[in-house]
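Below is one structure, written out as structure tokens; the observations come after it.
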Number of protein chains: 2
Amino acid sequence: MNDKRNLFYAQSGGVTSVINATACGVIETARQNPDRIGNVFAGRNGIVGALREELIDTGKESAETIAALRHTPGGAFGSVRYKLKSVVESAAEYQRLIEVFRAHDIGTFIYNGGGDSMDTANKVSQVARSMDYPLTCLGVPKTVDNDLPITDTCPGFGSVAKYVAISTLEAGIDVASMPQTKVFILEVMGRHAGWIAAASGLAAENRDGPPHIILFPEITFDEDRFVDEVRATVERAGGCVIVASEGVRRADGSFVAESGVKDAFGHAQLGGVAPHLAEVVRGRLGYKFHWAVADYLQRAARHIASAVDVEQAYAMGKAAVEMALDGVHGKLPIIVRLSDDPYRWEVGEADLDQVANVEKKMPAEYITDDGYGITAACRAYLSPLIQGEDYPPYENGLPRYAKPRNVLAASKLPAWQG
Amino acid sequence: MNDKRNLFYAQSGGVTSVINATACGVIETARQNPDRIGNVFAGRNGIVGALREELIDTGKESAETIAALRHTPGGAFGSVRYKLKSVVESAAEYQRLIEVFRAHDIGTFIYNGGGDSMDTANKVSQVARSMDYPLTCLGVPKTVDNDLPITDTCPGFGSVAKYVAISTLEAGIDVASMPQTKVFILEVMGRHAGWIAAASGLAAENRDGPPHIILFPEITFDEDRFVDEVRATVERAGGCVIVASEGVRRADGSFVAESGVKDAFGHAQLGGVAPHLAEVVRGRLGYKFHWAVADYLQRAARHIASAVDVEQAYAMGKAAVEMALDGVHGKLPIIVRLSDDPYRWEVGEADLDQVANVEKKMPAEYITDDGYGITAACRAYLSPLIQGEDYPPYENGLPRYAKPRNVLAASKLPAWQG
């Protein structure tokens, strides 16, 4: 009886360079099962697309366009930072979602996002049951921050890790060429967890190779200690390459640089740690410095995506559809590590509520005692995730990224008054 | 009689992702002429290495290491920002240079740099002649800024152009996925000439595709006009991607963001245009924004170098040695464009003093009338320079860059008292 009902897929939160590989995995796997799954609709701008009944009809896209999603960064159907609250507080929204799903005969809901989104998928599942609407709800992990528990890693992280490691390696070589530039600071993402900053440590061959100092959100920033470490590094190694998480905090809990803006989830918008640290270096040490802020470049850098990451992102989307076909509900596919070297992994499963709203920070044993570097255990964990180069095709000197038409399905309900 | 004398090569100023490809061209071509050229010495940290008699003996490097320089960013032998003044003011330095050259039987001096360095090479040539020291002086063009006259382009520029165009394309796709982020600002290099910022325009397929606004040093920054343009773009296109040269100036001549630091050439150290513009956007428009500063990442990004640029960088180094063998003196090899599409070019020659101290800015016909975009003529010029992807080899997920041993030749003179 569930046969031939439609599938709804939505992307949530900050996009990654491989979230469209997951979308590709979802849509291609659904298309390979035409006797079991009808059409795949994608939310225009994530879950908000369902609320507004703006459902992108992916059936209107060619097989070539869908295949090209595998190598296209960003969120092909649009994403959004929008958190549904509790079932009581946001009752009207949850009911609207189910009404839209009913109007378009959605039998499967696949939500591609981080911890917040797994929470939402879980609540949608509960509401559907309470409304007697048959709906298979599944999550698919995604976040550059790598902060979901249980899964070995999150699709999106491996590619930003590779970008940050390569950028640190390259900038480190550049700085070493310029004897007058003593300090280089690279600011990377990572609000609460230092995984991305940690990945820069893969560029270091030894303690005197860049990066010399990594600043993690997990370690309280002490300006005096930092200044001493920069001075000692410059005197020892001739220069100092610093990689700083955007989420580095002082002992009083304040971010080293806050922009004062908050997003829809209530998170402070960060940025500006690098120029702040540069001011500290100039004011207290007088060294010539340079600084860079990677921001969106790091998570959009599909041109240097990790092949392992792309493969896992696709596999997660494929697995979610296969789980739905197997009648699995309220879960998400995860990556299970079998061995570090050679890296072997398989697809596993976890309950949505195991993953929802839990932030996986860097464990203490991954950070060196001085708080400024990564340990061998951390390298053993991270290194497999950046292996392989999955280059996009090029045309006229630039990557040829997919441009889906994003045709909306005809609406069947009154406009949403949300 | 000049047979078997040695060659001295030095890198000057900011390094690029392909200056080592030029070094590779110099050294490999010299090695192919063992009956005419002795050893190749490289200045440790550029011309300062000659003054200090710190001459790297490249004869100690394996053929594999030299070949790997072709795909290695940064300056393999160290560069420096150090400008010799006039022959009168810096007489002692010029004389010291010639003494070092005499001590090591240097018959050819090849200086790889920008306009300042071509000027230095020219002066060294004059001093050598006045001191009756037989020395063939040649320059090789290098600068990410693309601001040398006469040559079609400067090795180093095509790769930073490719990096900036790809980064803008990717960030633009990312921003388009995030309906809440209205403005993204990318700050790129370009102190006086807007060539690098212009290259971001290659990412745009039409006027409603990113980048929507390019800010050139050649165009006076008018904050009110800028704010109006950002607002109009957000209202029309849903978001606005801005690429800003670090060298953007106000009507009074001040840089939009000056760090207050000056380098050895007396140039102000810039940085911080992007966060400044972000503040303007927030304060006057209230839009949610993100910003990135590429800084060294852009010029070190050998992982996505332009194949055309790498080929030209190597060809320039090769040509300089061949010119020396042909008895050419006081000149530099240049790139001569024969056609845009298909791009055809050949190696030409120019006099050092034609290139020295002249900055080639963006011509008016390359900038759209509103001052915020590039014209079709500009695209026709730029596009050939980013063609092809010259990927480095990878090992364990990271590029395998060369690590020359950089063994110094035994010194023969008293220490320099400069």
Exercise for the section: Kindly indicate the residue of the stretch B:187-215 that is among the small types (G, A, S) and touching a Ser or Thr at 6+ places or on another chain (Cβ under 7 Å) and also surrounded by the fewest Cβ atoms within 10 Å (Cβ to Cβ) among those meeting that condition. Expected result: B:A203
Practice task
Pick out the one residue from B:R81, B:R96 that is over 22 Å from B:Q312 (Cα atoms), in contact with an Asp or Glu (Cβ under 8 Å, 6 or more places away or on another chain) and surrounded by 15 or more Cβ atoms within 10 Å (Cβ to Cβ).
Solution key: B:R81
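Of the residues A:V248, A:V230, A:V243, which is touching a residue at least 60 places away in the same chain (Cβ under 8 Å) and either of a type in the set (F, W, Y) or surrounded by 14 or more Cβ atoms within 10 Å (Cβ to Cβ) (or both)?
The conditions single out A:V243.
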Practice task
Mind listing just one residue for me: the one in the stretch A:295-311 that is touching a Ser or Thr at 6+ places or on another chain (Cβ under 7 Å) and not basic (K, R) and, of those, farthest from A:T168 (Cα to Cα)?
Solution key: A:D309
Completion exercise
With the first residue restricted to the stretch B:85-103 and required to be more than 13 Å from B:L51 (Cβ to Cβ), and the second required to be in a helix (DSSP H, G or I), Cβ contacts under 8 Å at 6 or more apart or on different chains are B:S86/B:K123; B:V87/B:Y94; B:V87/B:K123; B:V87/B:Q126; B:V87/B:V127
Practice task
Among the candidates A:Y391, A:Y372, A:Y381, single out the residue that is among the aromatic types (F, W, Y) and in a helix (DSSP H, G or I).
Solution key: A:Y381
Exercise for the section: Check B:I196 against each of (1) of a type in the set (A, V, I, L, M, F, W, C); (2) in a helix (DSSP H, G or I); (3) within 14 Å of another protein chain (Cβ to nearest Cβ) and name the one condition it does not meet. Expected result: (3)
Exercise for the section: Please go through the stretch A:154-197 and pick out each residue that is in contact (Cβ under 8 Å) with a residue 40 or more places away in the chain and among the polar types (S, T, N, Q). Expected result: A:S159, A:S167, A:T168, A:Q180, A:T181
Exercise for the section: Could you tell me whether any residue of the stretch B:286-307 is surrounded by 24 or more Cβ atoms within 10 Å (Cβ to Cβ), away from chain A (no Cβ under 14 Å), within 16 Å of B:I19 (Cβ to Cβ) and modelled with pLDDT of 95 or more? Expected result: no
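Looking only at the stretch B:151-182, which residues are in contact with a His (Cβ under 8 Å, 6 or more places away or on another chain) and within 8 Å of chain A (Cβ to nearest Cβ)?
Of everything in the stretch B:151-182, those that are in contact with a His (Cβ under 8 Å, 6 or more places away or on another chain) and within 8 Å of chain A (Cβ to nearest Cβ) turn out to be B:I166, B:E170, B:V175.
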Handout entry: Residue list for the stretch A:142-164, filter: within 25 Å of A:A292 (Cα to Cα) and out of contact with any Asp or Glu (no Cβ under 9 Å at 6 or more places or on another chain)
Key = A:T143, A:V144, A:N146, A:Y163, A:V164
Handout entry: Candidates B:K331, B:K360, filtered to the one that is surrounded by fewer than 22 Cβ atoms within 10 Å (Cβ to Cβ) and either of a type in the set (A, V, I, L, M, F, W, C) or more than 10 Å from every other protein chain (Cβ to nearest Cβ) (or both)
Key = B:K360
Practice task
Please determine, by comparing only the residues of the stretch B:367-418 that are in contact with a Phe, Trp or Tyr (Cβ under 9 Å, 6 or more places away or on another chain), small (G, A, S) and on the phi > 0 side of the Ramachandran plot, which one is surrounded by the most Cβ atoms within 10 Å (Cβ to Cβ).
Solution key: B:G371
Handout entry: Pairs, first closer than 18 Å to A:N112 by Cβ in the stretch A:50-70, second buried (at least 21 other Cβ atoms within 10 Å of the Cβ) and of a type in the set (S, T, Y), C-beta under 7 Å, six or more apart
Key = A:R70/A:Y314
Practice task
Kindly establish whether A:P217 is within 21 Å of B:R299 (Cβ to Cβ) and more than 10 Å from chain B (Cβ to nearest Cβ).
Solution key: no
Handout entry: Top-ranked residue of the stretch A:117-153 - restricted to ones that are of a type in the set (A, V, I, L, M, F, W, C) and in contact (Cβ under 8 Å) with a residue 60 or more places away in the chain, ranked as surrounded by the fewest Cβ atoms within 10 Å (Cβ to Cβ)
Key = A:I150
Practice task
Identify all residues within the stretch A:323-382 that are within 18 Å of the chain's Cα centre (by Cα) and of a type outside the set (A, V, I, L, M, F, W, C); write none if there are none.
Solution key: A:P333, A:N357, A:E359, A:K360, A:K361, A:Y381
Fill in the blank from the handout: Conditions (1) modelled with pLDDT under 95; (2) surrounded by 24 or more Cβ atoms within 10 Å (Cβ to Cβ); (3) more than 14 Å from chain A (Cβ to nearest Cβ) -> B:G13 fails only (3)
Exercise for the section: Taking only the stretch B:383-405 into account, find how many residues are more than 11 Å from every other protein chain (Cβ to nearest Cβ) and more than 23 Å from the chain's Cα centre (by Cα). Expected result: 1
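The values are calculated or read from the model by the stated rules, or taken from the named source; none is laboratory data. Predicted model, so just to flag it, every value in this text is computed and none were measured. Glycine also receives a Cβ, built like all others from the backbone with ideal geometry; neighbour counts cover every protein chain displayed.
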